[in-house]
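The values are calculated or read from the model by the stated rules, or taken from the named source; none is laboratory data. In this text the structure is predicted, and so the values were computed from the model without any measurement. As a convention, Cβ positions derive from the backbone with ideal geometry for all residues, glycine included, and neighbour counts pool all protein chains shown. Heads up: the accessible areas ignore ligands, DNA and RNA and are worked out on the full protein's heavy atoms, side chains in. Shrake-Rupley method; radii C 1.70, N 1.55, O 1.52, S 1.80 Å.
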Amino acid sequence: LFGNAAIKTFSKRGYQWQLDVKLLSDPDRVDIEALNLSHGSGHSTHSKKNSLQPFAWATTLVFAVLIVFGMLNRDGQESSNHQIGYIPFDNINNSNAIKLEDSESLVFHEVKNFSTKHFLTSHQLEYISLSQENEFILAGQIRNFNQQYHLDFLLKGPYADWVGQISGTSHQELIIRLKNHLGQPSIYEFISKQQSPDLKQASLSIAHQERPDDLIILNHLVESYIETHEFDKAMVMADKLIELANLQENVQYHGNGLLNQSEILTHKELFDLSSQKLSKAIAQFKKINDLKRYADSLEKQSWIDHQKRDYPAIKTSLLKSAELALEAKDIPRELHALTYLSIMAKKYRQNEDKYLYLQQAESKMREYQLPIYHYAKIPFHHAIYSDNPSAKEPHLKRVLEYTELNPDYWVAQSSRLQLLKHYLAQKRFDEAELLVQSAKSDNAANSFLKTLLAQAKENEEDFLRHAQRTFEQAHMSGDKRLSLDIALILCEHPNAPVNLDFYSQYIKENSTKYWRIENEKKLIALNL
């Protein structure tokens, strides 16, 4: 009602009223007609004025409280700070680690005996212990090329990660720009609480309005539009990102904008145009020797090659992506390229390649001495390559063994779901019950397990409760596929006393092409 500038939010502290407020000397003098309260009522103007008095006084009181709170919080704005545990940045071209000093709004606590390399390859596990002392953990890598320094940073919070790239002519300039960026309260809102994609998008839009020149925020906004499949808006904002990057002479985000546009065009199945954007993005990344984004570009190119059913081109793109990641000392990107190539080899019945690149990935994991949960991908892939559910079962169990300390890792969640469906199909309800009970976290994936078990046991009350909880959690976490899956299950259920019109409409408005293909028979039966 009052506009975005009316109230300012301070993370974990409260709110401050920003607009000037004048106290009415006589609340009864409020213009009733101006408030449009007289239409459709037989009451006299006098009675309207009297009925308005409590409203007017209450409104005045609320404004007064907001003003007082704002005055009390004004000094707090300057003293408010964010406590960040940081791992001294790796300097790829120099052995000296970069340390951070406190600023007015940021307090840094160095995480001792911890390397950036280790954190970046194991943060899904290590964050759990590190967050007991610091809610936010910052890590990064610095490299220099052509007298420019470039920082890749990761700020990890309880619910999400915030990543970005910053460039400067010196280490000092780099750190100043990083602190200026991280000083924004909105960043901590994004990563310290769970937000639905729509809410995140709205928050990012406001953050962009407040800091229109911040390329990192704008890049996140583009990605949020892609996430919600608002591709036209995403393309417009990506154009804006490229234009702004050019004005700032920022090659990094010029390339990032082109990379975003390629992804948008791929979603629209405009593969030739997408490939052209990738070529332009790669040209930008080569200017600053950004091997990571160059590797990402080739990984995206492999999907375009897949649409053309060109396995040799897929193989070339992914092997080059792995090579670039190795040169950049980026272990996750290197392993992803190899395991993804193994999957692609299976799709094209290249059995020799299928096992060759999976073995290479496993060998790399041992060489890098990665935490055990990384190895879960190996039996997970063997399960994919197995011919039937019974053959998959031992591999899926091995996945759960490897991820015992990190049970919410995505391969563990997928394996648990496959095992449950297998148990239920064979009516092994005791094992199914134990499997569901072992999933302790309150999240959408585990609620889905409870839903399927209740459905199989024909427990209507538990089924409905868990199904609605699953939809709520999946929607809040941005898991559109699971949201669609559970909406379809609810629409199929004959006796569920739920708003079926809502779920059927959700499917119509949000289903993707590939999801509809996978569920074609069910959708036809439901006339969806």
List the pairs whose first member sits in segment 259-270 and is acidic (Asp, Glu), whose second member is in a helix (DSSP H, G or I) and open to solvent by less than 20 Å² (accessible area, probe 1.4 Å), and whose Cβ atoms are under 7 Å apart, counting only residues at least 6 apart or on separate chains?
-> 263/226
Among residues belonging to segment 430-445 that are among the charged types (D, E, K, R) and exposed (fewer than 13 other Cβ atoms within 10 Å of the Cβ), point out the one that is modelled with the highest pLDDT.
-> 430
Among the candidates 358, 338, 370, single out the residue that is within 27 Å of residue 404 (Cβ to Cβ) and in a loop (DSSP other than H, G, I, E, B).
-> 370
Unique residue being small (Gly, Ala, Ser), open to solvent by less than 60 Å² (accessible area, probe 1.4 Å), part of a helix (DSSP H, G or I) and in contact with a Gly (Cβ under 6 Å, 6 or more places away or on another chain) when the list is 281, 313, 325 = 281
Residue match in segment 255-262 (condition: farther than 21 Å from residue 292 by Cβ and touching a helix residue (DSSP H, G or I) at 6+ places or on another chain (Cβ under 8 Å)) = no
Which of the residues that make up segment 185-237 are hydrophobic (A, V, I, L, M, F, W, C), without any contact (Cβ under 8 Å) to a residue 24 or more places away in the chain and closer than 24 Å to residue 473 by Cβ?
-> 199, 202, 204
Quick check: anything in segment 411-422 modelled with pLDDT of 95 or more, charged (D, E, K, R), crowded, with 19+ Cβ neighbours inside 10 Å and within 24 Å of residue 379 (Cβ to Cβ)?
-> yes
Out of all the residues in segment 174-198, which are open to solvent by less than 50 Å² (accessible area, probe 1.4 Å), under 22 Å from residue 245 (Cβ atoms) and part of a helix (DSSP H, G or I)?
-> 174, 175, 178, 179, 181, 182, 186, 187, 190
Any hit, segment 262-273, residues being open to solvent by 20 Å² or more (accessible area, probe 1.4 Å), part of a helix (DSSP H, G or I) and among the basic types (Lys, Arg) = no
For segment 463-503, how many residues are at pLDDT 90 or above, polar (S, T, N, Q) and more than 21 Å from residue 227 (Cα to Cα)?
-> 1
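For residue 329, indicate whether it is within 27 Å of residue 365 (Cα to Cα) and at pLDDT below 95.
Spelling it out, residue 329 is indeed within 27 Å of residue 365 (Cα to Cα) and at pLDDT below 95.
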Counting only residues that are among the β-branched types (Val, Ile, Thr) and over 21 Å from residue 336 (Cα atoms), how many does segment 257-305 have?
-> 2
Taking only segment 100-128 into account, find how many residues are in a loop (DSSP other than H, G, I, E, B), of a type outside the set (Lys, Arg) and open to solvent by 30 Å² or more (accessible area, probe 1.4 Å).
-> 8
